[in-house]
1. Accessible area, 1.4 Å probe, largest first: how do 350, 89 sort?
2. Compute the accessible area per residue over the chain, keeping the other protein chains in place, probe 1.4 Å, unit Å².
3. Distances over 18 Å make up what percent of all Cα-Cα pairs in the range 242-382?
4. With a ≥ b ≥ c taken as the square roots of the eigenvalues of the C-alpha gyration tensor of the range 83-142, please select rounded if a/c is under 1.5 and otherwise prolate if a/b is larger than b/c or oblate if it is not?
5. Determine the sum of side-chain charges near residue 123: Lys and Arg each +1, Asp and Glu each -1, restricted to other residues whose C-beta is under 12 angstrom from that of residue 123.
6. Which whole-number percentage describes the relative contact order of the chain, with Cα contacts under 8 Å and a sequence gap of 6 or more?
7. Work out how much length residue 26 to residue 306 would gain on full extension: take 0.36 nm times their residue separation and subtract the Cα-Cα distance, in nm to one decimal.
8. I need the shape label for the range 1-96. Rule: rounded when a/c is under 1.5, else prolate if a/b > b/c, else oblate, with a, b, c from the alpha carbon gyration tensor.
Amino acid sequence: MSEIYFDNGATTRVFPEVKEIMAEVLDVEYGNPSSMHKKGYEAEQCVNRAKEIIAKSLRVDAKEIYFTSGGTEANNLALIGTAMAHKRRGRHVITTCIEHASVYNPLSYLEEEGFEVTYLPVDERGIVKLDALKEALRPDTFLVSIMCVNNEIGAVEPMEEIGKIVKKYNPDIVFHTDCIQAYGKMKCTPKKWKVDLLSVSGHKIHGPKGIGFLYIREGTRIRPILWGGNQQKGIRSGTENVPGIVGLGKAAAMIYENHAEKVETLCAVKEHFIKRVTEEISDVKDNSGMAPHIASISFPGVRSEVLLHALEERGIYVSAGSACSSNKPEVSGTLRGIGLDKNHYESTLRFSFSVYNSVEEVDECVEALKELLPVLRRFTRR
């Protein structure tokens, strides 16, 4: 049975070239970047080259890139580190009702520590309401954190407009964005967006797991949340994961090579999928945003986990929302935020695509859905 992997929003298959360069680093460039001898210098140069590649993709300076263990740590460092650095200036944070758990949970921790968090509403497309943002800003607001691309439905937020609103109100407010689902799928331009902090995870762009980075605009005040050997200017202590960093750098270089063509391929696969599902299957609802790689479809009459496992038996892998939260019983904040009723949010699947996917795989998936849904809906209604 052939395997069809449509869960690239959860993780991606590593590029072969990434595996090769990581193996080379593990075998040859195995020194500690902090060591003063030649092997340490060689490892440090590997780290610096990866920084240059990533900085070029964002059009920023390499010294503004700080490596982390992944997107979750990057978000935690951005939020908690900023709060600790600015707690005497203000205690108010603004975010949205559709953020990832790696933003929600650090903010919940800050609420326990006495900070106040405002959760902005979104419209039916998942786009943050800018008037609500304007109304929420106040003198003690020190941080705004709004994701660029939603991980469940693919809504793309108006980053440039948000940045203008925030900085016009107060240039000293720190603007953070979770770009974990955006980086590699679109051009991310923190300078243009007036973003101070930007989080990315390697395994979403065909890089390895366990590595990510946080862009910190030069001059942005932030405190570390890990203490140790003072690596990375003391912002993120701990011996650098050189193989992971090199793998991330290689993945970043590859994902942005012929980038327009890659995005065009993603869009073609996604659009073909949505067209066939909505035209050929009755009683479905398309919740998909504008991101090129994420399709969100509700199939009323069958629970999402039931349909997910039925597809799995056919060798087709999809998700019922965020992989980080899919095993939890709570209702998705995103699906609730866009106004879905219970019948729809309990029957929603996410199909997320990569450069490895094809329209032929889409056709096979749609045919499986057409066979499975009538049976599962009859069974559920009984």
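1. The ranking, largest first, comes out as 89, 350.
2. 44
3. On the way: 5845 of 9870 pairs.
That tail contains 59 percent of the Cα-Cα pairs.
4. On the way: a/c = 3.04, a/b = 1.42, b/c = 2.15.
Oblate, since a/c reaches 1.5 and b/c is not below a/b.
5. Details: positive: 125, 129; negative: 124, 131, 157.
Charge balance in the 12 Å sphere: -1.
6. Values: 750 pairs, mean separation 89.2, N = 382.
It rounds to 23 percent for the chain.
7. Values: separation 280, 0.36 × 280 = 100.80 nm, distance 4.20 nm.
Computed gain between residue 26 and residue 306 is 96.6 nm.
8. Details: a/c = 2.49, a/b = 1.21, b/c = 2.05.
It is oblate, given that a/c is not under 1.5 and a/b is not larger than b/c.
The values are calculated or read from the model by the stated rules, or taken from the named source; none is laboratory data. All values reported here derive from a predicted model rather than from experimental measurement. In this analysis, Cβ positions are derived from the backbone assuming ideal geometry, glycine residues included, and neighbour counts consider all displayed protein chains. Areas reflect the complete protein model, heavy atoms only, side chains present, ligands, DNA and RNA absent. Shrake-Rupley method; radii C 1.70, N 1.55, O 1.52, S 1.80 Å.
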